[in-house]
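The values are calculated or read from the model by the stated rules, or taken from the named source; none is laboratory data. Keep in mind that what you see is a predicted model, and the values were worked out from it rather than measured. Every residue, glycine as well, gets a Cβ built from its backbone with ideal geometry; the counts of neighbours run over all protein chains shown.
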């Protein structure tokens, strides 16, 4: 009688989704894709809206006054309401992606420690979170408000394979050097947002424009104290006005520039100390 040999094959092990690191990587990737993807889609609707400004703004008021009752999409069906609200939905989804990625970054950076508010306020990621939270609560929708987050998501996604490695600091420095222009573009967009918020406050665009401007300036002050790219960009902008400053106020003007220059030097010293103690 022939003996039958039963071959038992083990099932190939599926990806262990219960692994915390894998879940964090998945959430991190989804967050950045959400920020970049929804941000790009919102930008398309934003610029389409800008091109049709003459349809929803009154020429009698030099296009400064908007006709709130005007809508490009007409109709009362459910999909009409969805299309009309799609810019707001895309804008908020993009910011939700920022919250998700920050949560993962926070877990990676501060796991097992208890950071103080002073520690958090000095971190650029936390400052970006505060700005995203400000836009989520109010302040109006704008392409320029999402642009810094979209650029950062792009930079992180192109370096995706190295983000969760222990020895990824050298690679991060390399990516940063390759995208210096993008980082300065982020800093310029932050200045532009401050200017637009100031104009909104002066023109009383909304009842909260003044509050939004003050809160944003407080957060931006943190950026100027801890972000070297914000410091360099602001120094570049200030240098453009050197010839316009009267001689009587030259000393005060140079004092302001010297303050940001000293902040840059302090930041470099902190980085050197961190490298030595690492």
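Things worth noting here:
Yes/no matrix, rows are residues, columns are (1) surrounded by 12 or more Cβ atoms within 10 Å (Cβ to Cβ); (2) farther than 21 Å from residue 182 by Cβ; (3) touching a residue at least 12 places away in the same chain (Cβ under 8 Å):
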position	(1), (2), (3)
204	no, yes, no
210	yes, yes, no
217	yes, yes, yes
228	yes, no, yes
231	yes, no, yes
246	no, yes, no
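- Any hit, the range 146-161, residues being touching a helix residue (DSSP H, G or I) at 6+ places or on another chain (Cβ under 6 Å), in contact (Cβ under 8 Å) with a residue 24 or more places away in the chain and outside any helix (DSSP H, G or I): no
- Helices (runs of 4 or more DSSP H) within the range 204-278 that include 2 or more residues over 19 Å from residue 130 (Cβ atoms) and at pLDDT 85 or above: 228-239, 250-277
- Any hit, the range 97-106, residues being outside any loop (DSSP other than H, G, I, E, B), under 23 Å from residue 135 (Cα atoms) and at pLDDT below 80: no
- Meets criteria (surrounded by 12 or more Cβ atoms within 10 Å (Cβ to Cβ), part of a helix (DSSP H, G or I) and modelled with pLDDT of 65 or more) for residue 21: no
- Single residue of the range 181-196 satisfying the filter (in contact with a helix residue (DSSP H, G or I) (Cβ under 9 Å, 6 or more places away or on another chain) and more than 16 Å from residue 234 (Cβ to Cβ)) that is surrounded by the fewest Cβ atoms within 10 Å (Cβ to Cβ): 182
- Checked against the criteria, residue 53 does not count as out of contact with any helix residue (DSSP H, G or I) (no Cβ under 6 Å at 6 or more places or on another chain), farther than 20 Å from residue 98 by Cα, surrounded by fewer than 15 Cβ atoms within 10 Å (Cβ to Cβ) and modelled with pLDDT of 85 or more.
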